[in-house]
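A.B. asks: Have a look at the structure that comes next, please.
Just so it is clear, none of the values below were taken in a lab; they were calculated from the coordinates. Bear in mind that the values here come from a model prediction, so they are computed numbers and not experimental data. Note that each Cβ is placed from the backbone with ideal geometry, even for glycine, and that neighbours are counted across all protein chains shown.
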Amino acid sequence: MADLSHDEAARRLEALGAAIRHHDYQYYVLDQPEVGDADYDSLMRELLAIETEHPDLVTPDSPSQKVGGQVAPTFSPVRHRAPLLSLENAYSEAELEDFDRRVRSLLPGETVEYVAELKIDGLSVALRYENGRFVQGATRGDGEVGEDITANARTVKTVPHRLKPLRELAKKLTKDPDLFNPEPTPAGWTVAVRGEVFMPVAAFEKVNQARGEVGDPFFANPRNAAAGSLRQLDPAVTAGRELDAFLYEIIYSEPAEVAPATHWETLKFLGALGFKTNPESRFCPTIAEVVAYCRDWDEKRWDLPYEIDGAVVKVNSLDQRVRLGVRSKSPRWSIAFKYPAQKAETVVRNVAVNVGRTGILTPVAELEPVRLAGSTVSRASLHNEDIVRDKDVRIGDTVVIQKAGEVIPEVVEVVKAKRTGTERVFEMPSRCPVCGAPVVREPGEAAHRCTNGLSCPAQIWESLIHFGSRDGMDIEGFGPKIIDQLLKTGLIHDPGDIYALTVEQLVELERMGNKSAQNLIEAIDASRRQPLNRLLFALGLRHVGDRAAFLLARHFATMERLAAASEAELQQVPEIGEKIAASVVEFFSQEINRGLIRRLAESGVNMTMPGAAGVAGEPGEAGPGAGEADAGAGPGRALGEPLPGPAHPLAGVTIVLTGTLATLERREAEEIIRNFGGRPSSSVSKKTDYVVVGENPGSKLEKARELTASGQAPDLRIIDEDEFKRLIGRA
Ligand code: IVH
């Protein structure tokens, strides 16, 4: 591909883009993939490689942009060309029938048909396409003015960057088939569509679990999570959030003829253009069928992989819609049927206090089990002391609970009329219920926290789970049951003890055979070689998720340097803000944490980031543990074979090669970088992570020196071939 001329590259990119878009559509919209992951990845890799060689050919609608483009300073306002209306609500079947009567009275003598749809609980967006290309995404806002979320909308897998050309289906659907001759899509066609961006329940649970692991507050429900994700200034964050979108209306089309005459056809038309439309929408010739649809989904909604808060009824004929017209904020041709929030009454048996990994104490109401919104609920979080006070929840109270956003149970209110006088007021304990250490509530914080850090067994248990987790040190077989036994038998007290365990000790544990014991010891042993970013994440510093851990490890290169960094120095690292910086300093200021790190280093746990400044090339400077372990591939590994398990330190890293390498062909080196998940690039910019310098380097080296000297690229590293080989495990 390096040999392609500019024109050839452009043509190849066009073909690859079309193929990738087609497979995205098959996979994400239709759920009918035609190729396996490996074939898809190879198309994507080829596209990325050509774009790297020819950065000027990268277009905003390239599949590569699905991973997130530029970080925006703010969201600019967007005035909608036509207002994005809201809907009137109906809360009963009788109100649906009233709606039908009203509609028919305004259209005397006419047949009125409807389409019933699910009311997706997400965020309403408008997407504009010009000449079949996505050009702008905006939130609904107040209906008149929304926010520009184009870059974020691009990262939603089911938002097509390009529409499919209008061919046979469109011809059949439109009033003026000649518009499509001779071009498949009329030149100058602009269409704006409306739909709902939402977060599937599974993705919501995943996001919340990850947030819990770094001590970030949970999203209350998938709707908030979707809104929070779409309003991220960094589109790469949005891209990681697994958002989805159903489209359901054409807001306008220019020329207007390029649009169907009924809503039912509009849905098919949107599908033909490549949008994801909701498969549960129904054509309903009468209001009786609409009512049956709403009733049906009231029960079935708990089986859906996403949340709905009702159904939407729409008049099918667009001509009738025009004649029915709109009120100030909502159309006369549609109504939302809202399902009541599911509530249930139950009794608070007790209020327990949970201690999390970061030491936060959470009061949890233990309830008389009750069925609610598809599951049995026996616990509800009361979040913190203020909330218990505000709601005045007492032990023994009868309470109304509901699923906030239909997922997490919460106490709505106390049924005070049912109080008998025997209820007990809950007090937040002044000592940790697990270890007895004093509890503090820091000024400005709602949470109480155990002050015992890693000496608190509850925090120890949680931190051991986190330490061995997949994104942490990835110790296979190191799960809750083993951890329970190891703690009970006193074999371990904290993560520092894990590396002293022996097969002989493990076989003594219940249900632990020789083979499993050996496997676990091998897994523990292998985890010693994890790079610094994994170790940092595994240590569970507050607010330090895997991204922050990677940035810190790459910047500071060794645990020693990171531990010595001041808040100001930490904040020099791009993307590292006050909160993370303060948390890192706080962590290293505690003797218990410093002791733990010392013991880990003495056990041979790697404390360095391979390839980062001062590590591979200057072993003497590396922190404790340097030299004992190298997270690169071991000897004998085939060239370019990716490391098993955890992400390699090159994953996501941009590398520029300049000059001739003595022992590696350029293509070969690029292939290896790609295999490790990195990106070979042909031009040096602030975003470059490494410049590998061979013989007779060109202007790229000068550019790299300029950028580092001027402080514009503080994380850019200039390395030689040997260092590069150490990085890829070939030294
Ligand atoms: S139609 C003028 N259809 O519900 C027509 N809205 O309460 C406007 N919503 O702001 C909307 N699913 O965000 C429509 N299938 C659906 C919908 C839907 C969810 C949302 C939409 C709207 C809100 C109104």
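A.B. asks: For the range 515-572 and the range 286-359, compute the distance between their C-alpha centroids and round to whole Å.
C.D. replies: Here the two parts' Cα centres lie 45 Å apart.
A.B. asks: Sticking with this structure for a sec: Let me have the relative contact order for the range 230-324, percent, based on Cα pairs under 8 Å that are six or more residues apart.
C.D. replies: Averaging sequence separation for qualifying contacts and normalising by length gives 28 percent for the range 230-324.
A.B. asks: Given a cut-off of under 8 Å on Cα pairs at least six residues apart, what relative contact order in percent is computed for the chain? Kindly include the intermediate steps, with their values, before the conclusion.
C.D. replies: Working: 1355 pairs, mean separation 69.1, N = 731.
Contact order relative to length: 9 percent.
A.B. asks: Going by C-beta contacts inside 10 Å, put Cys450, Cys294 in order with the fewest on the left.
C.D. replies: On the way: Cys450 27, Cys294 23.
Least to most surrounded, the residues fall as Cys294, Cys450.
A.B. asks: Just to confirm my understanding: which cysteines in the chain have no other cysteine beta carbon less than 4.7 Å from their beta carbon?
C.D. replies: That list is Cys284, Cys294.
A.B. asks: Run down the lysines and flag those whose C-alpha is under 30 Å from the C-alpha of Lys481, throwing out any fewer than 8 positions away in its chain.
C.D. replies: Within reach: Lys206, Lys515.
A.B. asks: Give me the base-10 log of I(q)/I(0) for the range 326-387 at each q in 0.13, 0.17, 0.18, 0.27 Å⁻¹, Debye formula, one uniform scatterer per Cα, rounded to two decimals.
C.D. replies: -0.56, -0.70, -0.74, -1.13
A.B. asks: Can you tell me the Rg and the Dmax, both Å, for the Cα atoms in the range 656-718?
C.D. replies: 11.5, 32
A.B. asks: Write down, largest first, the equivalent ellipsoid semi-axes of the range 379-435 in whole Å, where each equals the square root of 5 times an eigenvalue of the alpha-carbon gyration tensor.
C.D. replies: Numbers: eigenvalues 78, 63, 16 Å².
They are 20, 18, 9 Å, listed from largest to smallest.
A.B. asks: Also: Take the Cα atoms of the range 42-127, build their convex hull, and give its volume per residue in Å³.
C.D. replies: On the way: hull volume 19.9 nm³, N = 86.
Convex hull volume per residue, Cα atoms: 231 Å³.
A.B. asks: Right, next: How large are Rg and Dmax for the chain when only the alpha carbon atoms are used, in Å?
C.D. replies: In Å, with Rg to one decimal and Dmax whole: 29.5, 90.
A.B. asks: In whole Hz and in residue order, list the ³J(HN,Hα) couplings for the range 280-286 that follow from phi through the Karplus curve 6.51 cos²θ - 1.76 cosθ + 1.60, θ = phi - 60°; x for Gly and Pro.
C.D. replies: 8, 5, 10, 7, 10, x, 9
A.B. asks: What is the packing order of peptides 7-16, 247-256, taking the mean over residues of other C-beta atoms within 10 Å and listing the highest first? Display every interim value, and only then the final one.
C.D. replies: Details: 7-16: 15.1, 247-256: 17.6.
Sorting 7-16, 247-256 by mean packing, highest first, produces 247-256, 7-16.
A.B. asks: List the aspartates and glutamates whose alpha-carbon lies under 12 Å from that of Lys579, not counting same-chain residues fewer than 8 positions away?
C.D. replies: Asp216, Glu567
A.B. asks: Here is a further query. Would you please calculate the Kirkwood hydrodynamic radius of the range 546-602 over all C-alpha pairs and express it in Å, rounded to one decimal? If you can, show how the numbers build up before the last one.
C.D. replies: Working: mean 1/r = 0.0867 Å⁻¹.
Taking the inverse mean of 1/r over all distinct Cα pairs, the range 546-602 comes out at 11.5 Å.
A.B. asks: Now a separate question. DSSP beta bridges in the chain, what fraction antiparallel, as a percent rounded to 5?
C.D. replies: Working: 79 of 93 bridges.
Just about 85 percent of them are antiparallel.
A.B. asks: May I pose another question? Excluding residues fewer than 8 places away in the same chain, name every one of the lysines whose C-alpha is closer than 30 Å to that of Lys700.
C.D. replies: Lys66, Lys686, Lys687, Lys725
A.B. asks: Moving on to the next point. Based on Cα positions only, what radius of gyration and what Dmax would you give for the range 271-381, in angstroms?
C.D. replies: 21.1, 62
A.B. asks: Give the order of Asp309, Asp319 when sorted by the count of other beta carbons within 10 angstrom, beginning with the fewest. Before the final figure, lay out the partial values.
C.D. replies: On the way: Asp309 19, Asp319 11.
Sorted ascending by nearby Cβ count, the order is Asp319, Asp309.
A.B. asks: Here is a further query. Under the classification rounded if a/c is under 1.5, otherwise prolate if a/b is larger than b/c and oblate if not, where does the range 222-337 fall, given a ≥ b ≥ c as square roots of the Cα gyration tensor eigenvalues?
C.D. replies: Oblate.
A.B. asks: Starting from the Cα of Arg327, step 7 Å along the direction of its Cβ; do the same at Glu289; then give the gap between the two resulting points in nm.
C.D. replies: Using points 7 Å along Cα→Cβ, the separation is 2.7 nm.
A.B. asks: So, one more: Hey, can you grab everything whose amide H is under 5 Å from the amide H of Val78? Only 5+ residues off in sequence or another chain; H modelled, so Pro and N-termini drop out.
C.D. replies: Under 5 Å from the amide H of Val78 lie the amide H atoms of Gly146, Glu147, Asp148, each far enough along the sequence or on another chain.
A.B. asks: Moving on to the next point. In deg cm²/dmol and to the nearest 500, what is the mean residue ellipticity at 222 nm of the chain if only DSSP H runs of at least 4 residues count, each as -39500 (n - 2.57), divided by the residue total? Let's see the in-between values first.
C.D. replies: Working: 25 runs with 249 residues, N = 731.
Computed ellipticity for the chain at 222 nm equals -10000 deg cm²/dmol.
A.B. asks: Also, I was wondering about something else. For the range 521-529, just list the computed ³J(HN,Hα) in residue order, Karplus coefficients 6.51, -1.76 and 1.60, θ = phi - 60°, integers in Hz, with x standing in for Gly and Pro.
C.D. replies: These are the phi-based 3J(HN,Hα) values: 4, 5, 5, 4, 4, 4, 5, 4, 8 Hz.
A.B. asks: Using amide H atoms built 1.01 Å from N in the peptide plane, name the residues 5+ places from Glu88, or on other chains, whose amide H lies under 5 Å from its own.
C.D. replies: Ala336
A.B. asks: Name the residues whose placed amide hydrogens come within less than 5 Å of the amide hydrogen of Leu657, ignoring near sequence neighbours (fewer than 5 apart) on the same chain.
C.D. replies: The answer is Ser681, Val692.
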